[in-house]
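Chemist: What follows is a structure written as structure tokens; I'll ask about it next.
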Amino acid sequence: MKLKIRLYIEDDTNQSFMGIGVLWLLKGIQKNGSIRKASQDMKMSYTKAITILNNLEKSLNRTILERQKGGNNRKRTSLTAYGEIFLTRYELFNKKVEDFCLSEFDDFLISMEKDTI
């Protein structure tokens, strides 16, 4: 057996706006300096990536990305200072939740091995 953990943050209307996929997208943007490249690496359409990022910023009521238009003079997209802090804290939060859940799951498995009926 193994435990699968899915962690999402929802807004007041119960719409999820942050989870592991958004985390991967932000990490890809951070690495590549490009929404298009990050979305391609994830095999996600650019339009879907933009929708996800707009939803994230709307839900947080904060700017996460410093977006600069492409074209011939392509410039990098980067995370704002707030975006960097948000990403770092979310990664830490996600890791803590995962570690806690895995530890509890191990305890559960051990207790089930002890209890034979």
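Chemist: Can you run phi through the Karplus equation (6.51, -1.76, 1.60; θ = phi - 60°) for region 102-108 and list ³J(HN,Hα) in whole Hz, with x for Gly and Pro?
Modeler: With the stated coefficients, region 102-108 comes to 5, 5, 5, 5, 4, 4, 4 Hz.
Chemist: A further question on this structure: ASP11 to ASN94: extension gain in nm, 0.36 nm per residue of separation minus the Cα-Cα distance?
Modeler: Numbers: separation 83, 0.36 × 83 = 29.88 nm, distance 1.74 nm.
Length gained between ASP11 and ASN94: 28.1 nm.
Chemist: I would also like to ask the following. Report which label in (i) 44; (ii) 47; (iii) 26 holds the value of percent of Cα pairs over 21 Å apart derived from the coordinates of this structure.
Modeler: Comparing each candidate, only (ii) matches the computed number.
Chemist: With springs only between Cα atoms under 10 Å, which of ASN54, ASN14, ASN94 fluctuates most in a Gaussian network model of the chain?
Modeler: Judging by the Gaussian network model, the answer is ASN14.
Chemist: Given only helices, namely DSSP H runs of n ≥ 4 each adding -39500 (n - 2.57), what is the per-residue ellipticity at 222 nm of the chain, to the nearest 500 deg cm²/dmol?
Modeler: My calculation for the chain gives -20000 deg cm²/dmol from helical runs alone.
Taken together, the values in this text are just the output of simple stated rules run on the coordinates, not laboratory data. Not measured: the values here are computed from a predicted model.
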